[in-house]
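**Student:** First, the structure itself, so that you have it in front of you.
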Amino acid sequence: MAATALPANEIVRAETYYLPPPPRRGQIPEDWSQTPGAELIYRWYDRRMNRRTPVPTDWVPDAEPAYARIDDGRWLAECSACRSAAIVSVADPRYGCVECLRAWVPLIVPEDIAAAEAHALSLPQRFWWHADDPRNPYRPDPEPEPPVEPETPTDPEPEEPQP
């Protein structure tokens, strides 16, 4: 198995993907265990990509939320501003973009994460989309509204003579 192959029996999350680099000989390994899941990508970018990306401190007001989806065995979310995607943590439901440096937006995750992962693992290509995600290609079409019948003017009833 290649070093970059995804595990066959689990879905990759930020906590299992964004890991510290191996220590140099004689040095103590870095401990990222206290870093929140959503912030791991920032540490990973700093160390592995040599890009200094500040961790957001604010939230984008009135922002469109990001939806977590399983994409070929990885929990991903897509930035609505620049469309880049990153592996996310479903345990820490916030998403910040390291490409366009967008601040935090809410991350929508499924109510039953284990069921979504089990469903994806049962498929050959391991994909799962949130039912409410507007980018879901398998999103069911909304129920058509019943046609509204136009009101037809009715002729008034003829008046009956009064005695």
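**Student:** Within segment 10-60, how many residues turn out to be touching a Leu at 6+ places or on another chain (Cβ under 9 Å) and aliphatic (A, V, I, L, M)?
**Tutor:** Residues meeting the conditions: 6.
**Student:** Follow-up question, since we're still on this one. State whether one or more residues within segment 136-144 are open to solvent by less than 60 Å² (accessible area, probe 1.4 Å) and at pLDDT 80 or above.
**Tutor:** no
**Student:** Considering only segment 43-89, how many residues are within 15 Å of LEU19 (Cβ to Cβ), outside any strand (DSSP E or B) and open to solvent by 60 Å² or more (accessible area, probe 1.4 Å)?
**Tutor:** Final tally of qualifying residues: 4.
**Student:** May I ask you to list pairs of residues, at least six apart or on different chains, whose Cβ atoms are under 9 Å apart, with the first in segment 18-29 being without any contact (Cβ under 8 Å) to a residue 60 or more places away in the chain and the second being acidic (Asp, Glu) and open to solvent by 100 Å² or more (accessible area, probe 1.4 Å)?
**Tutor:** From segment 18-29, the pairs are PRO20/ASP31.
**Student:** Quick one: would you say SER122 is over 20 Å from ARG139 (Cβ atoms) and modelled with pLDDT under 90?
**Tutor:** In short, yes.
**Student:** Among the residues of segment 107-133, which ones are open to solvent by 80 Å² or more (accessible area, probe 1.4 Å) and either closer than 17 Å to VAL88 by Cα or free of Cβ contacts under 8 Å to residues at least 24 places away in the same chain (or both)?
**Tutor:** Of everything in segment 107-133, those that are open to solvent by 80 Å² or more (accessible area, probe 1.4 Å) and either closer than 17 Å to VAL88 by Cα or free of Cβ contacts under 8 Å to residues at least 24 places away in the same chain (or both) turn out to be GLU111, ASP112, HIS119, SER122, PRO124.
**Student:** Can you find, within segment 25-42, the residue that is farthest from TYR95 (Cα to Cα) among those that are β-branched (Val, Ile, Thr) and surrounded by 12 or more Cβ atoms within 10 Å (Cβ to Cβ)?
**Tutor:** THR35
The values are calculated or read from the model by the stated rules, or taken from the named source; none is laboratory data. Just so it is clear, the structure is predicted and the values come from calculations on it, not from any experiment. Every residue, glycine as well, gets a Cβ built from its backbone with ideal geometry; the counts of neighbours run over all protein chains shown. Remember, those area values only see protein heavy atoms, side chains included, never the ligands or the DNA or RNA. Shrake-Rupley method; radii C 1.70, N 1.55, O 1.52, S 1.80 Å.
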